[in-house]
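Step one of this worksheet: look at the structure below.
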Amino acid sequence: MNETERAVLGCVLNKPDLLYKARAMGLTERHFGTYSNRLTYNAMLELMKSGADVDLISVRDYLGAQKKIDAVGGTAYLAQLDYDLPDPSSFTTYVDAVRAGGLRRAVSEAGKLMMKLPEDVISPQELMGAVHDTLRDVNHLAEGHMRVTSGSDAIHALVEDLEEGTSDGISTGYHGLDQALSGIRPGNLILIAGRPGMGKTSLAMCMARNQMTQEEPITPCVFSLEMSSQELAMMLLSAESGIPRQKLKMGALGKEEWTKIVRSGKEIEKRPLVIEDSGSLTIDDLSAKARELRNTQSIDIIYIDYLQLMSGRRYSKNRTEEVSEISRGLKQLAKELEIPIIALSQLSRKNEERADRRPVLSDLRDSGSLEQDADAVIFLYRAGYYKIMAGKDDTTKGVTELNIAKNRSGPAGRSTVVWEPQTTTFRNP
C-alpha cells in the first residue's frame, strides 16, 4: 500500500491539478497509512488552500517551516517521489486503492475501540451511542467529507425550484412564521422558547397537527418528556372537534358532542403521528430511538417537549456543560437524519423582572450554546397571560407574538398567532 500512496503523491508533484481531483474523490490525509505520506499529502492540501504552487520545492519548504521535514525522511524522500514517475493515467485507480486501505484500517480500529469499552460503567443506550459515533466517523472517512456539486448544477437546480415555486421547507401551518423562516428545512434545529403558561406544548402540537393533516401529510414524531401520550391525544382531540379541553377532561358530554368526538377520533387515527412519552431521556436515548423511527416509520420532523428535561451523558461535569452537549447532539442528529428538530425550551425568570417582559436571547436557560447551535430561536409571548395573572381582563383577544430572535434563513422579526383558550390551540390571525 505504501507504493500506491507514493504513486498518488508522485502524480500530484508531476501534475498538481490532480490534487483537485483527489479531493473531489474524497481523499483525505487520514486515508494514508504511512506517517510520512500523510504529512506530505497534508502539506500539499495546505499549499493548495493558500493558493501556492504545489511542487517539490514548495512542499519541502512548507514541511521545513513546520519542522516536519525530518519526520517524512528529508528532501531525499520528496525527491524520490518526484523521481518515481508513476503513470498519471492510473491516478483514479491509485486514489481508490488508498481510500480503500484507509477505510479498512478505520474499520479495524473501530472494532478494537468497541472491544475496549468498559462493560460495567456503560448503559445500553450509551453503548449504542458510542457505536454509532464510531461508525459515523468511519462513514465520514468512506465519504471523504466531500459532497461536490458544480456551480452550474447548483444554480440550475435552484432556478428550477424557483420556477416551480417549490421549497424543501416544511410548513408550520402558520403563514407569518413560514414566510419568515422560508419553511423549516431538513437539518435545522429550531428552538421554541417561553415561560411556563405561554403555550409552548400547544403550539408544537398545533404545528404537528397542521403537518399531519395537510394535503400531502408528513409524519411528525413527538418526544414528550412531560405529558403522557393520552394528554397529548386529548389536545389533538379538542383541536379537531372544537370541544373545550376542560369539558373533555370532565367527560360531561352530550350526544352530539360524543358524535363529534368519535368522528374526530377516527380522523386523527387516519393521520401519521408518532408519540414517545417514556419520560426521562438522555441525548443518547433520544438519538437511538430517533434513528430507529426514521428507519422504521419514516418520521419527517421531530418535536421535543422539552429540552431542559433531557439529560446528557453521565460524565458531564455541570448543567451548563450538559445542556451544551444536548443542544450540540440535537443539531448533529438533525443533520444526520436530514429532518428538522423542534425543541421546546424553558426560559429563566429574567424577563419577568423587566418592564417589557418580551424574552431576549440571554433569557435562554442553562447554556449559551442553545443560541449558538440553533438555526432559529422563536420566543412565544402572550401579553394577555400576564393580564390574567394580575387579575385583569385580557383585552388582547388572544393575540400572541412569535418573536424570531435568531434566524439563519433570514432576518429576525415578529409574526402573530391567536390563542384559543377553550381548545388550547393557536390559529392564524
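The values are calculated or read from the model by the stated rules, or taken from the named source; none is laboratory data. The structure presented is a predicted model; accordingly, all values stated were derived computationally and were not measured. Glycine gets a Cβ as well: all are built from the backbone with ideal geometry, and neighbour counts include every protein chain shown.
Does region 275-300 hold any residues that are surrounded by fewer than 16 Cβ atoms within 10 Å (Cβ to Cβ) and under 20 Å from residue 201 (Cα atoms), and which are they? Of everything in region 275-300, those that are surrounded by fewer than 16 Cβ atoms within 10 Å (Cβ to Cβ) and under 20 Å from residue 201 (Cα atoms) turn out to be 278, 279, 280.
Could you check, for region 248-256, whether at least one of its residues is among the aliphatic types (A, V, I, L, M), outside any helix (DSSP H, G or I) and without any contact (Cβ under 8 Å) to a residue 40 or more places away in the chain? Yes; the residues of region 248-256 include at least one that is among the aliphatic types (A, V, I, L, M), outside any helix (DSSP H, G or I) and without any contact (Cβ under 8 Å) to a residue 40 or more places away in the chain. The set of residues in region 54-86 being touching a residue at least 40 places away in the same chain (Cβ under 8 Å) and either under 19 Å from residue 27 (Cα atoms) or in a loop (DSSP other than H, G, I, E, B) (or both) consists of 54, 55, 59, 81, 85, 86.
Take the conditions (1) modelled with pLDDT of 85 or more; (2) in a helix (DSSP H, G or I); (3) surrounded by 18 or more Cβ atoms within 10 Å (Cβ to Cβ); residue 231 misses just one of them, which is (3). Does region 257-271 hold any residues that are crowded, with 17+ Cβ neighbours inside 10 Å and either outside any helix (DSSP H, G or I) or of a type in the set (Phe, Trp, Tyr) (or both), and which are they? Hit for region 257-271 is 271, nothing else.
Within region 332-347, residues that are at negative phi have Cβ atoms under 6 Å from residues that are part of a strand (DSSP E or B) and hydroxyl-bearing (Ser, Thr, Tyr) in these pairs: 342/303, counting only partners at least 6 apart in sequence or on another chain. With respect to being in contact (Cβ under 8 Å) with a residue 12 or more places away in the chain, surrounded by fewer than 14 Cβ atoms within 10 Å (Cβ to Cβ) and closer than 18 Å to residue 198 by Cβ, residue 392 falls outside the description.
This table checks each residue for (1) buried (at least 22 other Cβ atoms within 10 Å of the Cβ); (2) under 21 Å from the mean Cα position of the chain (by Cα).
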| position | (1), (2) |
| --- | --- |
| 321 | no, yes |
| 326 | yes, yes |
| 330 | yes, yes |
| 335 | no, yes |
| 340 | yes, yes |
| 345 | yes, yes |
| 355 | no, no |
| 358 | no, no |
| 372 | no, yes |
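Residues that are crowded, with 24+ Cβ neighbours inside 10 Å and part of a helix (DSSP H, G or I) within region 178-206 comprise 181, 203, 204, 205, 206, listed in sequence order.
Of all residues in region 335-365, those being among the aliphatic types (A, V, I, L, M) and touching an Asp or Glu at 6+ places or on another chain (Cβ under 8 Å) number 5.
Restricting attention to region 220-275, the residues that are among the charged types (D, E, K, R) and closer than 22 Å to residue 171 by Cβ add up to 4.
If only residues of region 9-53 that are part of a helix (DSSP H, G or I), buried (at least 17 other Cβ atoms within 10 Å of the Cβ) and small (Gly, Ala, Ser) are counted, the one that is modelled with the lowest pLDDT is 22. Any residue in region 66-83 that is surrounded by 13 or more Cβ atoms within 10 Å (Cβ to Cβ), within 37 Å of the chain's Cα centre (by Cα), hydrophobic (A, V, I, L, M, F, W, C) and closer than 16 Å to residue 11 by Cβ? For region 66-83, residues surrounded by 13 or more Cβ atoms within 10 Å (Cβ to Cβ), within 37 Å of the chain's Cα centre (by Cα), hydrophobic (A, V, I, L, M, F, W, C) and closer than 16 Å to residue 11 by Cβ: absent.
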